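To keep things clear, I will list the structure first and then write my remarks on it.
The values are calculated or read from the model by the stated rules, or taken from the named source; none is laboratory data. Keep in mind the model is a prediction, meaning the values are calculated, not measured. All Cβ positions, glycine included, derive from the backbone under ideal geometry; neighbour counts span all protein chains shown. The protein model used for the area step is the full one, side chains on, heavy atoms only, and it has no ligands, DNA or RNA in it. Shrake-Rupley method; radii C 1.70, N 1.55, O 1.52, S 1.80 Å.
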Amino acid sequence: MSEYLKISEEIRALGAEAEREIRPYFSRIEEICDRNTEKVLAAFAKNRVSDNLFAGTTGYGYDDYGRDTLDKIYADIFGTEAALVRIGFVNGTHALSCAMFSAVKTGDTVLSVTGPAYDTLQNTITGDYCGSMKSYGIGYKQVDLKDGVPDLSAIREAARDENVKLVFIQRSRGYAVRKTLSVEEIGKVCEVVREVNPRAAIMVDNCYGEFTETIEPTQVGADIIAGSLIKNPGGGLAPTGGYIAGRRDLVENASYKLTAPGIGGECGCTMGQNRLLFQGLFMAPHITAQALKTAIFCAKVMEKLGYEVSPKAEEPRYDIIQTIAFGKPEPLRRFCEGIQSGAPVDSFVTPEPWAMPGYDDPVIMAAGAFVQGASIELSADAPMREPYVCYMQGGLTYSSGKAGILLAAERIKAELQN
């Protein structure tokens, strides 16, 4: 079977050397995994989870006790008053968009304090689309990061505007070349905003960050968070969906955007998917830890091949994303080809850049996943623009993730030799 996974002895030796160097960093990840697993178990016990909650509903979805119980569990885990966990969210952007509209109306202003929002979410805020915030007369202001971190003094001044009703924080880096924010850093931003504008709601795009620390943004001052179930909290088992958690009134307002005013979270059948959502959440701390270990291995291997990586292997991690700066398109393409060849699904496919909906540049994506587009499974993607930075994330198991990285390194080695 070795013909299907061709990894040279040279690259295996490189991987073994990298793994010896990174092993000491795994203990911190395992400790975080243990604490988060206890948190999830406690929430399951408190809410008396039993298999009768897995049945699901059809049609309107009235009285779906499994769905409603899962809402309560998410609220307990994230330390919030309420939560909305639905397979009706088509992706993370959808959940984030609904959450943003929960706090603003015509004449209000959204203040982003971490620079521009992720590419697809910009369409919700300033896009020339029917239903965008811009089309509703909702204003937008932005404070850029300073030296890669929130500019607290500039945030303080911008947040004084009485029209600012929503302060937006993006936890992860998205397609930007900057560091991911820690929960502690998010807490400092929340403190500054509270000082000058206590009536503004504070929202965090929590995508890629769940369970990478022992606390979440809603436990340090954020009013509402949102994310995707095919990332960390779905544990590799959720087939689709997203979540919103936070202040009760904001979650309720967001539910009206998901369905319709006056209906909200009362409707929305689960069609037998409840078990996967419960089981995925149970697995989420462990799967997130596997992805973090894969990212550290990737960082060390690619650094040994001469590329700039962020975070470095020895640095603390606050999301599952690993970036590699290739500087030119060809090694980036080869890396994605290697990741794809190590996937359990569609390993025979060669990824090519394409015009992905919501993005300004062609995007190349390696994603041989059991769930289409699931970032918690091993994947790598990048906009085809300078400085040609690749964003690698996921890995359902460290062993399979490691194999994918070695195959990518093999493709890179071949590119370097040409």
(request) Could you work out the per residue convex hull volume over the alpha carbons of segment 329-418, in cubic angstrom? (result) 87 Å³
(request) Run through every distinct alpha carbon pair of segment 260-418 and return the Kirkwood hydrodynamic radius in angstroms, one decimal place. (result) 16.6 Å
(message) If the reach is capped at under 16 angstrom between alpha carbons, list the lysines near LYS141, excluding any in the same chain fewer than eight residues apart.
(response) LYS105, LYS165
(request) Check cross-link reach from LYS146 to the aspartates and glutamates: straight Cα distance under 15 Å, and skip same-chain residues fewer than eight apart. (result) GLU157, GLU185
(message) With both bridge residues required to lie in the chain, what share of the DSSP beta bridges run antiparallel, to the nearest 5%?
(response) 60 percent
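Can you work out D for segment 1-77 in µm² s⁻¹ from Stokes-Einstein, where Rh is the Kirkwood radius over C-alpha pairs, the temperature is 10 °C and the viscosity is 1.306 mPa s?
Reported coefficient: 94 µm²/s.
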(request) List the longest stretch of the chain that has no exposed loop site; here a site is one of the trypsin sites (Lys or Arg not before Pro) assigned by DSSP to anything other than H, G, I, E or B, with at most 15 other Cβ within 10 Å. (result) 200-311
(request) Scan around ILE202 for amide H atoms under 5 Å from its own, H built in the peptide plane at 1.01 Å from N, and keep only partners 5 or more places away or cross-chain. (result) VAL167, ASP223, ILE224
(message) How high is the relative contact order of the chain? Use alpha-carbon pairs under 8 Å, at least six apart in sequence, and give a whole percent.
(response) 18 percent
(message) Suppose we look only past 19 Å in the calculated P(r) of segment 199-273. What percent of the Cα-Cα pairs does that tail hold?
(response) 42 percent
(message) In Å and on Cα atoms, what radius of gyration and Dmax does segment 123-276 show?
(response) 16.5, 49
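What translational D, rounded to a whole number of µm²/s, comes out for segment 44-161 from Stokes-Einstein when the hydrodynamic radius is the Kirkwood one over Cα pairs, at 10 °C and 1.306 mPa s?
Working: Rh = 17.1 Å.
D = 93 µm²/s.
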(request) Above 38 angstrom, tally the Cα pairs of the chain and express them as a % of all pairs, no decimals. (result) 19 percent
(message) Could you tell me which residue out of GLY148, GLY358, ASN232 lies farthest along the dipole of the chain toward its positive end? Charges go on the beta carbon: Lys and Arg +1, Asp and Glu -1, centred on the Cα centre.
(response) ASN232
(message) Roughly how far apart, in whole Å, are the Cα centres of segment 287-304 and segment 205-222?
(response) 21 Å
(message) Helix-only estimate, please: 222 nm mean residue ellipticity of the chain, summing -39500 (n - 2.57) across DSSP H runs of length 4 or more and dividing by its residues, to the nearest 500.
(response) -13000 deg cm²/dmol
(request) Just tell me which aspartates and glutamates come within less than 19 Å, Cα to Cα, of LYS72; anything on the same chain fewer than 8 places away is out. (result) GLU38, ASP51, ASP63, ASP64, GLU81, GLU210, GLU216, ASP223, ASP249, GLU252, GLU266
(message) What do you get for the angle between helix 183-196 and the principal long axis of the chain? Use alpha-carbon atoms, 0 to 90 degrees, nearest ten.
(response) 30 degrees
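Are any of the pairs LYS134/LYS257; LYS39/LYS300; LYS304/LYS402 more than 22 Å apart by Cα-Cα distance, and if so, which? Walk me through the numbers on the way to the answer.
Details: LYS134/LYS257 16 Å; LYS39/LYS300 31 Å; LYS304/LYS402 15 Å.
Pairs exceeding the cut-off: LYS39/LYS300.
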(message) How many angstrom lie between the Cα centre of segment 170-197 and the Cα centre of segment 391-411?
(response) 29 Å
(request) Quick one: dipole size for the chain, taken about the Cα centre, charges +1 on Lys/Arg Cβ and -1 on Asp/Glu Cβ, in debye to the nearest 20. (result) 180 debye
(request) In whole Å, largest first, what are the principal axis extents of the Cα atoms in segment 33-85? (result) 38, 23, 16
(request) Measure nothing but the geometry: give the 0 to 90° angle between the long axis through the Cα atoms of 274-304 and the longest principal axis through the Cα atoms of the chain, rounded to 10°. (result) 40 degrees
(message) Need one word for segment 138-204: rounded, prolate or oblate. Basis is the Cα gyration tensor (sqrt eigenvalues a ≥ b ≥ c); a/c below 1.5 gives rounded, then a/b vs b/c decides.
(response) prolate
(request) Run the accessible area of the chain with a 1.4 Å probe and give the carbon-and-sulfur part as a rounded percent. (result) 51 percent
